[in-house]
1. Taking region 66-90 only, how many residues are loosely packed, with under 14 Cβ neighbours inside 10 Å, modelled with pLDDT under 85 and not basic (Lys, Arg)?
2. Give all pairs with beta carbons closer than 6 Å in which a residue from region 1-15 that is within 14 Å of residue 74 (Cβ to Cβ) meets a residue that is at pLDDT 85 or above and surrounded by 11 or more Cβ atoms within 10 Å (Cβ to Cβ); count only pairs at least 6 apart in sequence or on separate chains.
3. Scan region 91-103 and give yes if some residue there is modelled with pLDDT of 85 or more and either within 13 Å of the chain's Cα centre (by Cα) or among the acidic types (Asp, Glu) (or both), otherwise no.
4. Report whether or not residue 93 is open to solvent by 100 Å² or more (accessible area, probe 1.4 Å), outside any strand (DSSP E or B), of a type in the set (Phe, Trp, Tyr) and over 23 Å from residue 13 (Cα atoms).
5. Check 43, 25, 62 and return the single one that is modelled with pLDDT of 80 or more, within 18 Å of the chain's Cα centre (by Cα) and open to solvent by 40 Å² or more (accessible area, probe 1.4 Å).
6. May I ask you to verify whether residue 123 is over 17 Å from residue 5 (Cβ atoms), in contact with a helix residue (DSSP H, G or I) (Cβ under 9 Å, 6 or more places away or on another chain) and not in a loop (DSSP other than H, G, I, E, B)?
7. Kindly indicate whether residue 121 is in contact (Cβ under 8 Å) with a residue 24 or more places away in the chain, open to solvent by less than 100 Å² (accessible area, probe 1.4 Å) and on the phi > 0 side of the Ramachandran plot.
8. Which of (1) open to solvent by 100 Å² or more (accessible area, probe 1.4 Å); (2) over 29 Å from residue 125 (Cβ atoms) is the odd one out, the single condition residue 30 does not satisfy?
Amino acid sequence: MLLKYGMLSCKSISTLMETNLRLCSHEEKHLEDPTMHRQLVGSLISLTMTRLDISFAVGVMSRYMQKPKKPHLEAIRRILRYIKCTVNYELMYKKGEACEVYGYCDVDYARDHDTRRSTTGYVFSLGSAAIS
């Protein structure tokens with residue numbers, strides 16, 4: 001995917017999204033050709049099947065597929081830079097560790113600037129690795 005979108009030689013980054021990133025659908029100009037933006041988001045959506053760590057960020061970016069703007073494309077490029085940094089990460093299940101399921105959730109009240117809806121996030125782990 002990095003090769004396909006010309007990001008193979010980009011500088012890697014260790015954080016997925018900027019802290020306190022505020023994206024809106026009504027600021028700035030629309031992209032002239034949103035095709036690449038939509039292809040990137042589609043590719044990232046399919047990647048979330050094996051890369052659970054990017055699920056939230058990709059979900060946020062998929063909200064802006066209808067009328068993407070330059071900040072949205074920059075945020076997607078940041079996700080690709082993060083993928084480059086973490087391409088060799090993997091889930092590790094430790095032998096002999098209790099195989100228990102744990103779940104955690106978090107809510108952000110009215111965080112979405114466009115709809116004022118709340119955002120909920122969750123993670124479930126099996127033993128020492130996240131599964132959802």
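The values are calculated or read from the model by the stated rules, or taken from the named source; none is laboratory data. Bear in mind that the values here come from a model prediction, so they are computed numbers and not experimental data. Cβ placement follows ideal geometry from the backbone for every residue including glycine, while neighbour counts extend to all protein chains displayed. These area figures cover heavy atoms from the full protein model, side chains too; ligands, DNA and RNA do not enter into them. Shrake-Rupley method; radii C 1.70, N 1.55, O 1.52, S 1.80 Å.
1. The total comes to 3.
2. Partner pairs satisfying both residue conditions: 7/80; 10/81; 13/81; 13/82; 13/85.
3. Among the residues of region 91-103, at least one is modelled with pLDDT of 85 or more and either within 13 Å of the chain's Cα centre (by Cα) or among the acidic types (Asp, Glu) (or both), which makes the answer yes.
4. Answer is yes for this residue.
5. Among 43, 25, 62, only 62 is modelled with pLDDT of 80 or more, within 18 Å of the chain's Cα centre (by Cα) and open to solvent by 40 Å² or more (accessible area, probe 1.4 Å).
6. yes
7. Considered against the rule, which asks whether it is in contact (Cβ under 8 Å) with a residue 24 or more places away in the chain, open to solvent by less than 100 Å² (accessible area, probe 1.4 Å) and on the phi > 0 side of the Ramachandran plot, residue 121 comes out as no.
8. It fails just one condition, (1).
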